[in-house]
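The values are calculated or read from the model by the stated rules, or taken from the named source; none is laboratory data. This is a predicted model, so every value here is computed, not measured. Backbone-built Cβ (ideal geometry, glycine too); neighbour counts: all protein chains shown. Quick note on the areas: whole protein, heavy atoms, side chains included, nothing else; ligands and nucleic acids left out. Shrake-Rupley method; radii C 1.70, N 1.55, O 1.52, S 1.80 Å.
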Amino acid sequence: MNSLHNNICIGKVCIKLDEVDSTNSYAKQLLSKSKPSEGTVIFAHYQTGGRGQFGKTWESDRGKNLTFSIILYPSFIEAGKAHCLNQAVCLGLKDFAESLDISVRIKWPNDIYYHDKKLAGVLIENGVMGGSLDYSIIGIGMNVNQTGFSPELPNPVSLKMIAGGEFKTEELLNGMFPFIERRCEQLKNGHMREIKNEYEDSLYRLGEKRHYQTATENFEGIICGVNDEGQLLVEANGKQCVFGNNELVYL
Ligand code: BTN
């Protein structure tokens, strides 16, 4: 991976907040009144209104986990290719987990899974201008030291539950930045294809015959990759089916 001309600098500016509604919302407000430097991080010990994908909430006990957002200006990404950034960020999180000797997979589109449990999630919110991305707010939540979760969450797991022992959250945060930065640089240097290939190779349940549910049916299928629009490809009954957000339930 080419690390020359590296100029994103994730975390060089890091705004640390004791409490905020949502670090993504805070980043958006910041962007509405200023131009924070690229790579600015907003980190919070506690979010009162943490947001997850598809309008869900993101719960995280005070001071126990990583909840933060990164501001980027990826104008080199066309609006229709925003999923590439998501793929790069997920790979960065996977690289980071592997640096801790924790093997994870990516549950499409942006959950980080340890076996059948969710360790982290990503919520990217983009601003578009002239057909390409004007700004990107990359929100990341990773369960670190929390061991008790709301029973409504189906399958959470934390680093502590996996590895045992307490982690220092802010050390972990600083350790994570280079992994995300490297993948974003890889994307910026034109290696979208490599990112896509590695993302596909990292997919949770890749190549396994498993049960799924759509709004109309239950079926057995095999996840085989993603298309150039970032949608999930599943082989079922000898056909290749394409799924967008929220169209498929994993049984
Ligand atoms: C998901 O898996 O549903 C995505 C979760 C993203 C949560 C993070 S925590 C930091 C940032 N601020 C938010 O309000 N959400 C993201």
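In table form, for the structure just shown:
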{"read-out": "Accessible area in square angstrom per residue, the chain, 1.4 angstrom probe", "value": "47"}
{"read-out": "Set of aspartates and glutamates with alpha-carbon distance to Lys188 below 20 Å, sequence-local pairs under 8 removed", "value": "Glu38, Glu78, Asp95, Glu125, Asp134, Glu198, Glu200, Asp228, Glu229"}
{"read-out": "Pairwise centroid distance, computed over Cα atoms, of the stretch 179-219 with the stretch 75-111, Å", "value": "8"}
{"read-out": "Computed [θ] at 222 nm, deg cm²/dmol, the chain (DSSP H ≥ 4; -39,500 (n - 2.57); rounded to nearest 500)", "value": "-8000 deg cm²/dmol"}
{"read-out": "FRET efficiency for His115 and Asn246, using Cβ-Cβ distance with R0 set to 30 Å, rounded to 0.05", "value": "0.80"}
{"read-out": "Restricting the stretch 76-162 to GluC sites (Glu not before Pro) in coil, as DSSP defines it, with at most 15 other Cβ within 10 Å", "value": "Glu152"}
{"read-out": "Efficiency of FRET between Glu235 and Asp61 - r from beta-carbon atoms, R0 30 angstrom, step 0.05", "value": "0.15"}
{"read-out": "Point-charge dipole on Cβ atoms (K/R +1, D/E -1) for the chain, about Cα centre, debye to 20", "value": "260"}
{"read-out": "Carbon/sulfur fraction of accessible area - the stretch 12-159, other protein chains in place, 1.4 Å, %", "value": "49"}
{"read-out": "Cα-based convex hull volume of the chain per residue, rounded to whole Å³", "value": "131"}
{"read-out": "Cα-projected label distance for Leu153 with Lys16, points at 7 Å along beta-carbon direction, nm", "value": "2.3"}
